[in-house]
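The values are calculated or read from the model by the stated rules, or taken from the named source; none is laboratory data. None of the values given here were measured: they were computed from a predicted structure. Cβ placement follows ideal geometry from the backbone for every residue including glycine, while neighbour counts extend to all protein chains displayed.
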């Protein structure tokens, strides 16, 4: 049986709740199902998210989030939460949780120092009464289940993008490719991406659009449209309207999944059970080292996906996911 407390039920009407989720892109995106579940259970609550400025855009436009706070004790104290839930872990987030002034300070019981949390949260397995491993979205959602939100299916992540097609998007159906990653061992070879992009263009009629973060070298991909260092809202619109996303295990894959964009994701040493694309049609190819995954395998994986050449973007603009 699930393990729960009645913390959520004990909050007075209109109470303020702060989620601490400092970084990174994928973690922030995958925290939005937990936020939505709490807001759904208690629509009266005023929810804030504490995030680093570079990831604040993940939560902007989200009707579940009343405010996005800078990661400072002053900002938290001014917000005056009754409940502060740390989903991040680590010394900085623990300090912010302590200094929030919240009556209820919640965090997973593996977080240190443990004395900061007067509402320690057990493992997702204990909360849900299961033995299997859980996805990151389930792990973060389990915290709000423990606090009293009714246990239910964890929904898709919620990322919001402005209506209208991105000015950066091709006129024709396109595939977004993110060929970079934080470390070499997580990066499928650039030459393989180039070969796969040619196949997608010639055989599927999908125009490749190559994206990268600030300072990432996309010079090898100049044969295609390349977008480096674009702001997250623009990247989100681009991913929302794409027919397909292909990339390494990284933040953009989770943004694309929030819009239900079909995808192929390459995994090296990362744990695919914990980080696979959440609630979207996907194919995952994993090998360590990652470069042993062949282009033919990638083409075969794409063929297994139902990749539309055209999408009804009007529906996707209006329906938050």
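Some points to look at:
Quick grid of which residues meet (1) more than 22 Å from residue 41 (Cβ to Cβ); (2) in a helix (DSSP H, G or I); (3) modelled with pLDDT under 95; (4) in contact with a strand residue (DSSP E or B) (Cβ under 9 Å, 6 or more places away or on another chain):
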| site | (1), (2), (3), (4) |
| --- | --- |
| 120 | no, no, no, yes |
| 127 | no, yes, no, yes |
| 134 | no, no, no, no |
| 139 | no, yes, no, yes |
| 154 | no, no, no, no |
| 198 | yes, yes, no, yes |
| 208 | yes, no, no, yes |
| 211 | yes, no, no, yes |
| 215 | yes, no, yes, yes |
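- Selected residue [surrounded by fewer than 22 Cβ atoms within 10 Å (Cβ to Cβ) and either touching a residue at least 24 places away in the same chain (Cβ under 8 Å) or not assigned by TED's automatic domain parsing to the domain that holds residue 261 (or both)] from 157, 162: 162
- Meets criteria (in contact (Cβ under 8 Å) with a residue 40 or more places away in the chain and assigned to a helix (DSSP H, G or I)) for residue 8: yes
- Considering residues of segment 110-147 that are touching a residue at least 40 places away in the same chain (Cβ under 8 Å), touching a helix residue (DSSP H, G or I) at 6+ places or on another chain (Cβ under 9 Å) and surrounded by fewer than 18 Cβ atoms within 10 Å (Cβ to Cβ) only, the residue farthest from residue 59 (Cα to Cα): 126
- Segment 171-189, subset touching a residue at least 24 places away in the same chain (Cβ under 8 Å) and surrounded by fewer than 16 Cβ atoms within 10 Å (Cβ to Cβ), residue nearest to the chain's Cα centre (by Cα): 182
- Conditions (1) more than 21 Å from residue 24 (Cα to Cα); (2) exposed (fewer than 14 other Cβ atoms within 10 Å of the Cβ); (3) not assigned by TED's automatic domain parsing to the domain that holds residue 86; number of the one not met by residue 151: (2)
- Leading residue by the ranking (nearest to the chain's Cα centre (by Cα)) among those in segment 271-287 that are part of a loop (DSSP other than H, G, I, E, B) and over 20 Å from residue 196 (Cβ atoms): 278
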